[in-house]
Amino acid sequence: MITLQEAEAGVAYRVKELSLPVNLERRLEALGLIEGSEIFVLRKKRRGAMIVKVRGTRFAVGYGISSHISVEKGGLSCGA
């Protein structure tokens, strides 16, 4: 298991655990980012930010958030 920050661009992952403040976890849950959901890393930027796709929605995630989301390889789709 790795953090989302360590994930490679172009690869699908499965969310295993979120270790964030409750209000931030709820905001991400509203976007579909929950334990067990598939997340596809579209792009990684230099300073830790990344563009991800969850349930058809693309959004940016910063280092402070992505380093607290545990994932494992093995999502189902190709993502893009």
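The values are calculated or read from the model by the stated rules, or taken from the named source; none is laboratory data. Everything numeric in this text was worked out from a predicted model, so none of it was measured. Methodologically, a virtual Cβ is constructed for each residue, glycine included, from the backbone with ideal geometry; neighbour enumeration extends over all protein chains shown.
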Review point. Taking the condition under 11 Å from the mean Cα position of the chain (by Cα) and either among the polar types (S, T, N, Q) or modelled with pLDDT of 95 or more (or both), does SER70 pass?
Key: yes
Check your understanding: Taking the range 29-38 on its own, how many of its residues are over 9 Å from the mean Cα position of the chain (by Cα) and surrounded by 19 or more Cβ atoms within 10 Å (Cβ to Cβ)?
Key -> 0
**Study point:** Those strands (runs of 3 or more DSSP E) lying entirely in the chain with at least 1 residues without any contact (Cβ under 8 Å) to a residue 12 or more places away in the chain
**Key:** 50-54, 57-61
Review point. From the list LEU42, LEU33, LEU28, which residue is within 18 Å of GLY74 (Cβ to Cβ) and either among the acidic types (Asp, Glu) or modelled with pLDDT under 95 (or both)?
Key: LEU33
Check your understanding: How many residues does the range 5-17 hold that are modelled with pLDDT of 95 or more and touching a helix residue (DSSP H, G or I) at 6+ places or on another chain (Cβ under 6 Å)?
Key -> 0
**Study point:** Options VAL41, VAL52, VAL71: the member that is buried (at least 16 other Cβ atoms within 10 Å of the Cβ) and in contact with an Asp or Glu (Cβ under 7 Å, 6 or more places away or on another chain)
**Key:** VAL41
